[in-house]
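To start, the structure under review is shown below, and the notes come after it.
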Amino acid sequence: MTVRKAWIVGGALVGTGLSFVMVLVVGVYIVAGNLVNGVTTGSRGLAKGAVPAAYKSLVQQWGDLCPALSPALLAAQLYQESGWNPTVVSPADARGIAQFIPSTWATHGIDGDGDGKRDIWDPDDAIPSAASYDCELAKYVKDVPGNVSDNMLAAYNAGAYRVIRAGGVPAISETQNYVQRIRSLEKSFAAPVTRIDPTRQAAGAIAFAQSRLGTPYLWGGNGTADQGGRFDCSGLTKAAYEKVGITLPRVANDQYNAGPHPSRDQLLPGDLVFFSDDHTDSRAIRHVGIYVGGGYMIDAPRTGAVIRFDPVDTPDYFGATRVTEDGAKALPTTV
């Protein structure tokens, strides 16, 4: 009965055609008008599943090491540095989950887990070391004009001396981009404490997705002509937001960090909704759709199916992301 009811409602939604999209457009912008400038986001807690379960307690504990740091800020920094990969090595020989250069590790690495070793490859040492180094840098730049957290991040990237000499974040494009990306990503890793501003591009993204209703699913599909205009789940959401000028990563679990995370009762049309068999780790997300209201999304569900309306309230519902332009731009190109 539940499945039959879902398809009846879904069919009714499809039948309304353009008028349904226009209702969404009006609804999204009315809500936007009511909420803009009336709310704030962010907290010292972590968004559900944003940090892999293996590292969550470390990030929560060490992210509160000093006032300039927070768990969400530390999480954003680690994600930017390594994408939670504890074995990655950069072209500059930065190593591990926190991307320490060996010479910096030699002076600033700590034995975070108390096992008598300082192991650059061990997240139990590297994550505490990143937090410790951040807070040490915050002390160095505490008297520099500007935001101490911004200056701390700039010092992590360019060195404290350059920040002090410049009187703030130095005019180095790499450093300025590093600070901006991490501060934007911080909003994706923080558990919101109040309502989140709506995304103004949402209606356009929904309109694109609705225009593809009935299109057969294709694994790896990006909607190109040689693919017959077919999509898989994340190909559809990526194309929908590209239509309104926002570039998302290709894979669903990377798209999860493209903005803050509204709770289920705060969903608005245009939010991306995610699904996983592991509710503790966003890296395990396996499906995404675009929320359209009333408990339904448009998604490309699986091989043999078509792009359609589906309910979001299923046992594998993981959470949602309110896509923002800044959040999408902040995502690493490779994670």
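The values are calculated or read from the model by the stated rules, or taken from the named source; none is laboratory data. Computed from a predicted model, the values in this text were never measured in an experiment. Methodologically, a virtual Cβ is constructed for each residue, glycine included, from the backbone with ideal geometry; neighbour enumeration extends over all protein chains shown. With ligands, DNA and RNA removed, areas are computed over all heavy atoms of the protein, side chains included. Shrake-Rupley method; radii C 1.70, N 1.55, O 1.52, S 1.80 Å.
Observations, loosely collected:
- Residue that is nearest to I206 (Cα to Cα) [pool: residues in region 223-250 that are in contact with an Asp or Glu (Cβ under 8 Å, 6 or more places away or on another chain) and of a type in the set (A, V, I, L, M, F, W, C)]: L236
- Annotation: of all residues in region 308-323 being among the β-branched types (V, I, T) and buried (at least 23 other Cβ atoms within 10 Å of the Cβ), the one that is farthest from G245 (Cα to Cα) is T321.
- Taking the listed residues A239, A258, the one that is surrounded by 21 or more Cβ atoms within 10 Å (Cβ to Cβ) and not aromatic (F, W, Y) is A258, with no other qualifying.
- Selected residue (only one of V179, V193 is at pLDDT below 95 and either of a type outside the set (D, E) or assigned to a loop (DSSP other than H, G, I, E, B) (or both)): V193
- Pair list, Cβ < 6 Å and 6+ apart or interchain, from region 59-76 residues that are part of a loop (DSSP other than H, G, I, E, B) to residues that are modelled with pLDDT under 95: S70/R44
- Among residues that are open to solvent by less than 10 Å² (accessible area, probe 1.4 Å) and of a type outside the set (G, A, S), N222 is not included.
- Any chance R230 is more than 26 Å from Q77 (Cβ to Cβ), among the charged types (D, E, K, R) and in contact with a Pro (Cβ under 7 Å, 6 or more places away or on another chain): yes
- Pair list, Cβ < 7 Å and 6+ apart or interchain, from region 261-284 residues that are closer than 16 Å to T199 by Cβ and among the charged types (D, E, K, R) to residues that are in a loop (DSSP other than H, G, I, E, B) and modelled with pLDDT of 90 or more: D271/P262; D271/R322
- Region 114-127, subset among the acidic types (D, E) and either touching a residue at least 24 places away in the same chain (Cβ under 8 Å) or crowded, with 16+ Cβ neighbours inside 10 Å (or both), residue farthest from G63 (Cα to Cα): D119
- Checking each residue in region 261-288 for being in contact with a Leu (Cβ under 8 Å, 6 or more places away or on another chain) and open to solvent by 20 Å² or more (accessible area, probe 1.4 Å) picks out only P269.
- Residue in region 195-217 that is free of Cβ contacts under 8 Å to residues at least 24 places away in the same chain and either more than 14 Å from the chain's Cα centre (by Cα) or crowded, with 24+ Cβ neighbours inside 10 Å (or both) present: yes
- Flag for D313 being touching a Cys at 6+ places or on another chain (Cβ under 6 Å) and over 27 Å from Q80 (Cα atoms): no
- The listed residues are Y317, Y296, Y291, and the only one of them that is out of contact with any Asp or Glu (no Cβ under 8 Å at 6 or more places or on another chain) and either among the small types (G, A, S) or closer than 22 Å to Q210 by Cβ (or both) turns out to be Y317.
- Condition met for K48 (at pLDDT below 95 and in contact with a Gly (Cβ under 8 Å, 6 or more places away or on another chain)): yes
- Filtering region 83-99 for residues that are outside any loop (DSSP other than H, G, I, E, B) and open to solvent by 50 Å² or more (accessible area, probe 1.4 Å) leaves a non-empty set.
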